[in-house]
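S.K.: Before I ask anything, here is the structure I am working with.
The values are calculated or read from the model by the stated rules, or taken from the named source; none is laboratory data. Fair warning: this is a prediction, and the values are worked out from it, not measured in the lab. In this analysis, Cβ positions are derived from the backbone assuming ideal geometry, glycine residues included, and neighbour counts consider all displayed protein chains. Each accessible area value is taken on the protein alone, full model and side chains, heavy atoms only, with ligands, DNA and RNA left out. Shrake-Rupley method; radii C 1.70, N 1.55, O 1.52, S 1.80 Å.
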Amino acid sequence: MTDAMHVPEATVVADDLSKWFGQKVAVSQVSCSFGPGVTGLLGPNGAGKTTFLRLLAGLLSPSTGEALILGEPPRKNTGVYRHLGFVPEDEAVYGHMSARRFIQWSAALARIPDPAAATRRALETVELTEQAGRRMSTYSKGMRQRAKVAAALVHDPEVLLLDEPLNGTDPIQRGRLIKLMQQLGSEGRTIIVSSHILGEVERMAGRVVAMVDGRLAAAGTVASLRDALSDTPRLIRIEADSPRPLARRLLAGEWVEAVRIDSTGIEIRTTDAKALGGDIAMAALETGSVVTAVSPEDDSLESVFSYLLEIQ
Amino acid sequence: MMVLPVIVRSVVRRLLGGRRSLWLIALSAGPAPILLMVAQGRSAARGAELYNDITVVLGVVILYPVVALIISTAALGEEWKNHTLPFLLLKPISRWVIALGVVIATALSSFLVLEAGVLITWAVGGIVGGDWSVGIATTLAVAIQSVASAAIFVPFGLILGRATLVGLGYLLVWEGVLSNVIEGIQASSVSRIVLSGWADLAVMTIDTLSSVDEVLGRVEVGLGGAVAKVGVMALVSVALTGLVLRHTDRVGE
């Protein structure tokens, strides 16, 4: 792996970390580190992000390798949990408890001196004070997420692992949570946030670690990842009334790698979707073709990440 | 701050919080309406005798173990199924302290539910038999039953997906059939351990005593022995549950 996978002042380290469940490899030989600030753990659904975070948190034992939080393996040393907060992806909460009771319970189990005061602060941080007395079974998904974040923050941890914390939140709540992550990161805490949406990660994280099929695909700043994505070959479909002359004309462009023509249109594999997009209108004009639709055929995050994995 | 009482309180609240506990109390009180029906018009002495018979046959042998089983398998099994276990585990607390807290809380929850049923039956027994001492032995029996069931079924709930079903199979096959057929395993029968403690305190007629002796088989009557046995079972259970919490991946799934 490249140096982009590691940071100089690492607080969280994955060293050759692998996890398999029977025949299924969920995480494969992941070596990377995380330091203060917000890092986005990006990857499509099923990429192994949740398993990776659970390995880091010590909820799962690694098949090979080691996870270290502040230099200690959490699986063997539960004292690490004084400094670690974890927000699981599951919507599950203790429905019979109010958020206030849940957070105060978390504070008491974390053995902090004044659980009530810490609970008040945590509720204020996630802006849940007004609804804090209600049973969590009556909460929306977004409110549950905020309650879980407050419970993970109540003992003031140095390291915070959040598994898809923005799932189910409305745009306003999402904005608040993103602002909160940024604030916590700027205070010098290590925040690792998983998401399958690049735009979300881009808004909150300075650094991104991307996973595909249980492996590390890329790491670096959001800008460097975007640069890598712009080099990704794309499959573009063009619907036109006379596809053959249009295809012949488009083949002249150096960004076109391959073309396939059928009765209703053309599929073009290109190394530069932007340049191709600019050329389509000109080509249609020159050949007298009527273009009715242009759409990416493989613009899923999975395909982009698969490409990133191939170039490693 | 001591974390053990915090764990115990939260687990008890969760186990007793829903409608389930009301149903289980009703189940525990199952001997009461039957006692009321069969003791109508009988003498006070016969009423007390019927209380013992019905409590043993229906309560100690059938209903109390089932109720305690349901509560005990839910203690950690429910946390696992609801994906709430990480909230408890990702705390700076030894897994053995968590295990101890859960086993204590489970035994306490089972006892509270069973005792509510026992109190209802006791009241009926007192009214029809005129002897208000009859419930003391049953109270101790459900205390022993609660600890024994928590000891066996708390780790069961964490290890097995259908722990309640497996537990019912255990009660039926091991407790109900095998321990009646094979004398050598009677000492490990929880129902007999509970009954041996109950029989030490209950005031019984000769007939009832001989029936109990027959059921106990090779197990000696004695409250001390029963308490010692379930005490050892509880210690083993805490160690086993702690080990499972520490080593299995099931907690992180």
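S.K.: When the Kirkwood hydrodynamic radius is evaluated over all pairs of different C-alpha atoms of segment A:1-157, what value in angstrom, to one decimal, is obtained?
M.R.: 16.9 Å
S.K.: Would you please classify the overall shape of segment B:93-179 from the alpha carbon gyration tensor, given that a ≥ b ≥ c denote the square roots of the eigenvalues, rounded means a/c under 1.5, and beyond that prolate means a/b larger than b/c while oblate covers the rest?
M.R.: Since a/c reaches 1.5 but b/c is at least a/b, the shape of segment B:93-179 is classed as oblate.
S.K.: Return the sequence-ordered ³J(HN,Hα) values of segment B:129-135 in whole Hz as given by the Karplus equation 6.51 cos²θ - 1.76 cosθ + 1.60 applied to θ = phi - 60°, using x for Gly and Pro.
M.R.: So the J values, rounded to whole Hz, are x, x, 10, 8, 8, 5, x.
S.K.: Something else about it: Rounded to the nearest 0.05, what FRET efficiency do A:ALA117 and B:GLN40 have when you use their Cβ-Cβ distance and R0 = 56 Å?
M.R.: 0.40
S.K.: Here is a further query. Under 16 Å from the Cα of A:LYS24, which lysines turn up, not counting those fewer than eight places away in the same chain?
M.R.: Partners within reach: A:LYS49.
S.K.: Label points 7 Å out from Cα along the Cβ direction at B:LEU22 and B:ARG9: separation in nm?
M.R.: Here the modelled spin labels are 2.6 nm apart.
S.K.: Name all residues of segment B:191-222 having a backbone nitrogen under 19 Å from the label point set 7 Å from the Cα of B:ILE136 along its Cα→Cβ direction, giving them as ranges.
M.R.: Backbone N within reach: B:195-206, B:209, B:221-222.
S.K.: Sticking with this one: Would you list the P(r) distribution for segment B:128-223, with all Cα-Cα distances sorted into 10 Å bins from 0 and each bin expressed as a whole %?
M.R.: Percent of pairs per bin, in order: 15, 40, 32, 12, 1.
S.K.: So the label point goes 7 Å from the Cα of A:ASP156 along Cα→C-beta, right? Which residues of segment A:97-116 then have their backbone N under 19 Å from it?
M.R.: A:103-116
S.K.: While we're on this one: Could you report the accessible area of B:VAL238 in Å², rounded to 10, computed with a 1.4 Å probe on the protein chains as they sit in the structure?
M.R.: Only protein atoms counted, so the area is about 20 Å².
S.K.: OK, next. How many percent of the alpha carbon pairs in segment B:34-87 exceed a separation of 15 Å?
M.R.: For segment B:34-87, the share of Cα pairs beyond 15 Å comes to 62 percent.
S.K.: Please list A:ILE192, B:ILE34, B:ILE152 from largest to smallest accessible area, probe radius 1.4 Å, with all protein chains kept in place.
M.R.: So, going from the largest accessible area down, we get B:ILE34, B:ILE152, A:ILE192.
S.K.: Can you give the % of DSSP beta bridges in the protein assembly as shown that are antiparallel, to the nearest 5?
M.R.: Numbers: 36 of 55 bridges.
Around 65 percent antiparallel, to the nearest 5.
S.K.: Can you put A:MET97, A:MET282 in order of accessible area, largest first, using a 1.4 Å probe? Mind dumping the intermediate values first?
M.R.: Working: A:MET97 10, A:MET282 95 Å².
Of A:MET97, A:MET282, the descending order of accessible area is A:MET282, A:MET97.
S.K.: Still on this structure, I have one more. Tell me, how many Å apart are the Cα centres for segment B:36-56 and for segment A:51-125?
M.R.: Each part reduced to its Cα centre gives a spacing of 55 Å.
S.K.: At 25 °C and 0.890 mPa s, grab the translational diffusion coefficient of segment A:173-275 from Stokes-Einstein with a Kirkwood Rh over Cα pairs, rounded to a whole number in µm² per second.
M.R.: It comes out at roughly 147 µm²/s.
S.K.: With viscosity set to 0.890 mPa s at 25 °C, what whole-number translational diffusion coefficient in µm²/s follows for segment A:80-192 from Stokes-Einstein and a Kirkwood radius over Cα pairs?
M.R.: Using the Kirkwood radius from Cα pairs, D works out to 179 µm²/s.
S.K.: Please go through the residue pairs A:LYS141/B:LYS91; A:LYS19/A:LYS76; A:LYS76/A:LYS148 and name each one whose alpha carbons sit more than 20 Å apart in this structure.
M.R.: Going by Cα-Cα distance, A:LYS141/B:LYS91; A:LYS76/A:LYS148 fall outside the 20 Å limit.
S.K.: Continuing with the same structure: Accessible area per residue, 1.4 Å probe, Å², for chain B: what's the number? Can you show the working numbers first?
M.R.: Details: 10500 Å² over 253 residues.
About 42 Å² of surface per residue is accessible.
S.K.: Let me ask you something else. To the nearest 100 Å², how much accessible surface do chains B and A hide from each other in total, with a 1.4 Å probe?
M.R.: By this definition, chains B and A bury close to 2700 Å².
S.K.: When the accessible area of segment A:3-224 is computed with all protein chains present and a 1.4 Å probe, what percentage of it is carbon and sulfur?
M.R.: The C+S portion of the solvent-accessible surface of segment A:3-224 is 47 percent.
S.K.: Amide H neighbours of A:ALA218 under 5 Å, at least 5 residues apart or on other chains, H built in the peptide plane: list them.
M.R.: Correct list: A:ALA210.
S.K.: I'd like the FRET efficiency for A:THR292 and A:ASN45, computed as 1/(1 + (r/R0)^6) with the beta carbon distance as r and R0 of 30 Å, rounded to 0.05.
M.R.: Here the calculated transfer efficiency is 0.40.
S.K.: List the residues of segment A:20-50 whose backbone N lies under 20 Å from a point placed 7 Å from the Cα of A:GLU9 along the Cα-to-Cβ direction.
M.R.: A:32-40
S.K.: If you count only protein heavy atoms and use a 1.4 Å probe, how large is the accessible surface of A:SER194, to the nearest 10 Å²?
M.R.: The value for A:SER194 is about 0 Å².
S.K.: Using only alpha-carbon positions, what ratio does the radius of gyration of segment A:129-177 give when scaled by 2.2 N^0.38 Å?
M.R.: So the Cα radius of gyration is 1.16 times the expected 2.2 N^0.38 Å.
S.K.: In addition: What's the average, rounded to a whole number, of partner chain beta-carbon atoms within 10 Å of each residue's beta-carbon in B:88-97?
M.R.: Taking all residues of B:88-97 together, the mean is 6.
S.K.: At 37 °C and a viscosity of 0.692 mPa s, what translational diffusion coefficient does Stokes-Einstein give for chain A, taking Rh as the Kirkwood radius over Cα pairs? Give it in µm²/s as a whole number.
M.R.: The estimated diffusion coefficient comes to 153 µm²/s.
S.K.: Whats the longest run of chain B with zero trypsin sites (Lys or Arg not before Pro) that are DSSP loop and have at most 14 other Cβ atoms within 10 Å?
M.R.: B:43-161
S.K.: Let me ask you something else. Using a 10 Å cut-off on Cβ to Cβ distances, tally the other chain neighbours for every residue of A:77-90 and report the average as a whole number.
M.R.: Counting Cβ atoms of other protein chains within 10 Å of each residue's Cβ and averaging gives 3.
S.K.: State, in angstrom, two size descriptors of segment A:1-53 derived from its alpha carbons: Rg to one decimal place and Dmax to the nearest whole number.
M.R.: Both quantities, over Cα of segment A:1-53: 11.9, 36 Å.
S.K.: Okay, moving on. Report in % the part of the accessible area of segment B:53-159 that belongs to carbon and sulfur, leaving out ligands and nucleic acids; probe 1.4 Å.
M.R.: Values: 2350 of 2910 Å².
Roughly 81 percent of what the probe reaches on segment B:53-159 is carbon or sulfur.
S.K.: Between Rg and the Kirkwood Rh of segment B:130-169, both from Cα atoms, what is the Rg to Rh ratio?
M.R.: 1.24
S.K.: Would you kindly state the longest site-free stretch of chain A, with sites defined as GluC sites (Glu not before Pro) in a DSSP loop (not H, G, I, E, B) surrounded by at most 16 other Cβ atoms within 10 Å?
M.R.: Between the exposed loop sites, the longest stretch runs A:10-90.
S.K.: Determine one quarter of the surface area of the Cα convex hull of segment B:193-253, which equals its mean projected area, and express it in nm² to one decimal.
M.R.: In nm², the orientation-averaged hull projection of segment B:193-253 is 5.7.
S.K.: A follow-up question, please. Report, in cubic angstrom per residue, the convex hull volume of the C-alpha atoms of segment B:3-247.
M.R.: Considering the Cα atoms of segment B:3-247, their hull volume per residue is 116 Å³.
S.K.: What is the percent of Cα-Cα separations in the protein assembly as shown that go past 37 Å?
M.R.: Details: 77655 of 159330 pairs.
Counting pairs separated by more than 37 Å, the tail of P(r) holds 49 percent.
S.K.: Next up: What average number of partner chain Cβ atoms lie no more than 10 Å from the Cβ of the residues making up A:161-172?
M.R.: 0
S.K.: Tell me, what ³J(HN,Hα) does each residue in segment A:37-50 have, in order and in whole Hz, if you take phi through Karplus 6.51 cos²θ - 1.76 cosθ + 1.60 with θ = phi - 60° and put x for Gly and Pro?
M.R.: Once θ is set to phi - 60°, the couplings for segment A:37-50 become x, 9, 10, x, 9, 10, x, x, 4, x, 6, x, 5, 5 Hz.
S.K.: Got a sec to turn the phi values of segment B:57-70 into Karplus ³J(HN,Hα) couplings, 6.51 cos²θ - 1.76 cosθ + 1.60 with θ = phi - 60°, whole Hz, x for Gly and Pro?
M.R.: So the Karplus estimates, Gly and Pro as x, are 5, 8, x, 4, 7, 10, 6, 4, x, 5, 4, 5, 4, 4 Hz.
S.K.: Return the Rg/Rh value of segment B:36-173, two decimal places, where both radii are evaluated on C-alpha atoms and Rh is the Kirkwood radius. Spell out each step's value before the answer.
M.R.: Details: Rg = 18.0 Å, Rh = 16.3 Å.
In segment B:36-173, Rg relative to Rh is 1.11.
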